[in-house]
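J.: Before anything else, here's the structure in question.
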Amino acid sequence: MVMTARPRRSVLFMPGSNARALEKARALPVDALIFDLEDAVAPDGKETARQQVRETLEAGGYGARELIVRVNGLTTPWGEDDIAAMARAGADALLIPKVENKQIINSVEGRLSAAGAPEGMVIWCMIETPRGVMRAEEIASASPRLGALVMGTSDLAKDLHCLHTPRREPFWTSLSWCILAARSNGLAVLDGVHLDLSDDEGFAEACRQGREMGFDGKTLIHPKTLAAANEAFAPDAAEVAWGRRVIAAHDAAERDGKGVVLLDGQLIENLHVEDARRVLALSDAIMAMEAVG
């Protein structure tokens, strides 16, 4: 299982064909970058974008930011070459679009191994079709190389014939099902993009909702949304302080031979300690990442 405290509060899609944007991304306050070779690149620019992203990755300079490449699907003319080119270019993960079954993952995994990809390179899966949602558990358990499920709510809305409402009610079942699949297999899980860049209030609400549901962070389409996402998906000072008190109280109870303890009237057990440690580990990881820049 891939389970780390690596921050993924903000995960920004970057057009692989835009050299200027790729350069500017080196200084953005973002946890992860997705260099997009799929939707963001026109067919006649696919090969140029692939070469540009490969050279960008090999050049480095992105600090502690997690680097992901969204490749084209294996059924397209570019997918296999994308995987072969990115396998050893320095990316942390490949994001596979429209994953609908474990066979797609097994195929990608085989191609990565054949291309000499390092063991640490993981596979992220876009879940963006009804079939993908229905088979989320099958997908999430398909390979030890899996690292994350990423919700593609724009494509999903198209297939569901549903509307983008303020509270996103039409997506609740799909989002929750994928969170369950990810967590039961120790994977990260990321919320879909918010398309209306003029709707700051709506974006903030979507972030709050995503955090409440259990997402690790949100995929983004513009740098202007980074600060709001980083704030929404980070433990705040009160959570960190509470986590420290929970751990201290439980440790004291164990020294006294007690399995449970009351803290401010709340019953504290091992499960609360585990969650407190997760929160503190995430907070520490965020501070370490921001220190590196």
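Read-outs throughout are calculated quantities, based only on the coordinates presented, and are distinct from any laboratory measurement. It should be emphasised that the depicted structure is a prediction, and the values quoted were computed from it without experimental measurement. For neighbour counting, all protein chains shown are included, and Cβ atoms are generated from backbone atoms with ideal geometry for every residue, glycine included.
J.: Modelling each spin label as a point 7 Å along the Cα-to-Cβ direction, I'd like the ALA204/THR75 distance in nm, to one decimal.
T.: 4.2 nm
J.: Using only DSSP helix segments of four residues or longer, with each worth -39500 (n - 2.57), what per-residue ellipticity at 222 nm results for the chain after dividing by its residue count and rounding to 500?
T.: -14000 deg cm²/dmol
J.: What ranking do 247-256, 137-146, 33-42, 16-25 get when scored by the average of other Cβ atoms within 10 Å per residue, highest first?
T.: Top to bottom by mean Cβ count within 10 Å: 33-42, 137-146, 16-25, 247-256.
J.: Give me the one-decimal nm value for the distance between modelled label points at ALA291 and SER184, 7 Å along each residue's Cα-to-Cβ direction.
T.: My value for the distance between the label points is 3.9 nm.
J.: What translational diffusion coefficient, in µm²/s and rounded to a whole number, does the Stokes-Einstein relation yield for region 115-165 at 37 °C and a viscosity of 0.692 mPa s, taking the hydrodynamic radius as the Kirkwood radius over Cα pairs?
T.: For these conditions, the coefficient is 268 µm²/s.
J.: Still on this model: On a 0 to 90° scale, report how tilted helix 102-114 is relative to the longest principal axis of the chain, with both axes built from alpha carbons and the result rounded to the nearest 10.
T.: Once rounded, one gets 70 degrees.
J.: Under a Cβ-only charge scheme (Lys and Arg +1, Asp and Glu -1), can you give me the dipole magnitude of the chain about the Cα centre, in debye to the nearest 20?
T.: With only Lys, Arg, Asp and Glu charged at Cβ, the dipole is about 300 debye.
J.: Semi-axes of the equivalent ellipsoid of region 10-232: what are they in whole Å, largest first, if each equals the square root of 5 times a C-alpha gyration tensor eigenvalue?
T.: 25, 21, 16
J.: Another question about this same structure. Kindly express, to the nearest 10 degrees and within the range 0 to 90, the angle between helix 172-183's C-alpha long axis and the longest C-alpha principal axis of the chain.
T.: The answer is roughly 80 degrees.
J.: What is the distance in Å between the Cα centres of region 64-107 and region 191-212?
T.: Each part reduced to its Cα centre gives a spacing of 27 Å.
J.: I would also like to ask the following. On C-alpha positions alone, give me the angle between the axis of helix 237-255 and the longest principal axis of the chain, in degrees, nearest 10.
T.: Between the helix axis and the principal axis of the chain, the angle is about 50 degrees.
J.: In debye, nearest 20, what is the charge dipole magnitude of region 237-292 about its Cα centre with +1 on Lys and Arg Cβ and -1 on Asp and Glu Cβ, if you could check?
T.: For region 237-292, the charge dipole is close to 80 debye.
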